[in-house]
1. Residue under question is residue 105, and the condition is that it be touching a helix residue (DSSP H, G or I) at 6+ places or on another chain (Cβ under 6 Å), surrounded by 14 or more Cβ atoms within 10 Å (Cβ to Cβ) and closer than 15 Å to residue 44 by Cα; does it hold?
2. Is it the case that some residue within segment 77-88 is farther than 21 Å from residue 53 by Cα and either surrounded by 12 or more Cβ atoms within 10 Å (Cβ to Cβ) or modelled with pLDDT under 95 (or both)?
3. Report, by residue number, each residue of segment 48-73 that is touching a strand residue (DSSP E or B) at 6+ places or on another chain (Cβ under 7 Å), surrounded by fewer than 13 Cβ atoms within 10 Å (Cβ to Cβ) and within 13 Å of residue 109 (Cβ to Cβ).
4. How do the pairs read when you match residues in segment 87-114 that are at positive phi and touching a residue at least 40 places away in the same chain (Cβ under 8 Å) with residues anywhere that are exposed (fewer than 14 other Cβ atoms within 10 Å of the Cβ) and outside any strand (DSSP E or B), using Cβ under 7 Å and keeping only pairs 6 or more apart or on different chains?
5. Using beta carbons and a limit of 6 Å, which pairs, at least six apart or on different chains, have the first residue in segment 60-81 and within 18 Å of residue 113 (Cα to Cα) and the second one assigned to a helix (DSSP H, G or I) and at pLDDT 95 or above?
6. Could you pull out the residue among 55, 49 that is within 30 Å of residue 95 (Cα to Cα), at pLDDT 95 or above, over 17 Å from the mean Cα position of the chain (by Cα) and not in a helix (DSSP H, G or I)?
């Protein structure tokens with residue numbers, strides 16, 4: 001019985017010795033910054049909303065699919081217009097584009113809010 005315990009203890013000691021020591025992460029190590037957003041022709045450089053008095057721009061930006069840094073696509077812009085209309089908060093949504101300072105595209109969404117229901 002003692003031999004079995006000694007053999008078991010030796011095997012356990014060997015298996016622990018064979019495992020590589022895990023390096024612990026430094027909790028004060030700086031977090032790597034995200035890669036820079038793509039810029040240039042065909043890339044969305046900015047998204048702007050006009051005409052909305054009750055909904056902040058940040059809320060509207062989260063509602064649509066396009067984001068700054070995405071490649072411009074007319075189909076994606078149409079999808080964003082439909083998404084905004086389907087919220088049933090706007091009676092009209094129009095989009096215009098403008099070239100940005102970095103050569104990208106700035107999307108201007110002009111929205112007309114529905115009158116408040118009484």
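1. Numbers: touching a helix residue (DSSP H, G or I) at 6+ places or on another chain (Cβ under 6 Å): no; surrounded by 14 or more Cβ atoms within 10 Å (Cβ to Cβ): yes; closer than 15 Å to residue 44 by Cα: yes.
No; evaluated as a whole, the condition is false for this residue.
2. Step one: filter segment 77-88 for residues farther than 21 Å from residue 53 by Cα, giving 77-79.
If we keep only those that are either surrounded by 12 or more Cβ atoms within 10 Å (Cβ to Cβ) or modelled with pLDDT under 95 (or both) too, we end up with 77, 79.
Checked against the condition, which is being farther than 21 Å from residue 53 by Cα and either surrounded by 12 or more Cβ atoms within 10 Å (Cβ to Cβ) or modelled with pLDDT under 95 (or both), segment 77-88 yields at least one hit.
3. The answer is 50, and nothing else.
4. Taking only residues 6 or more apart or on different chains, the pairs are 103/40; 103/41.
5. Final answer for the pair search is 64/80; 64/83.
6. Working: 55 fails: at pLDDT 95 or above.
Answer to the check: 49.
Condition check ((1) touching a strand residue (DSSP E or B) at 6+ places or on another chain (Cβ under 9 Å); (2) at pLDDT below 95; (3) assigned to a strand (DSSP E or B); (4) surrounded by 15 or more Cβ atoms within 10 Å (Cβ to Cβ)) across all residues:
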position: 5; (1), (2), (3), (4): no, yes, no, no
position: 10; (1), (2), (3), (4): no, yes, no, no
position: 39; (1), (2), (3), (4): yes, yes, no, yes
position: 44; (1), (2), (3), (4): yes, no, yes, yes
position: 75; (1), (2), (3), (4): no, no, no, no
position: 94; (1), (2), (3), (4): yes, no, yes, no
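The values are calculated or read from the model by the stated rules, or taken from the named source; none is laboratory data. Keep in mind the model is a prediction, meaning the values are calculated, not measured. Positions of Cβ are backbone-derived with ideal geometry, glycine not excepted, and every protein chain shown enters the neighbour counts.
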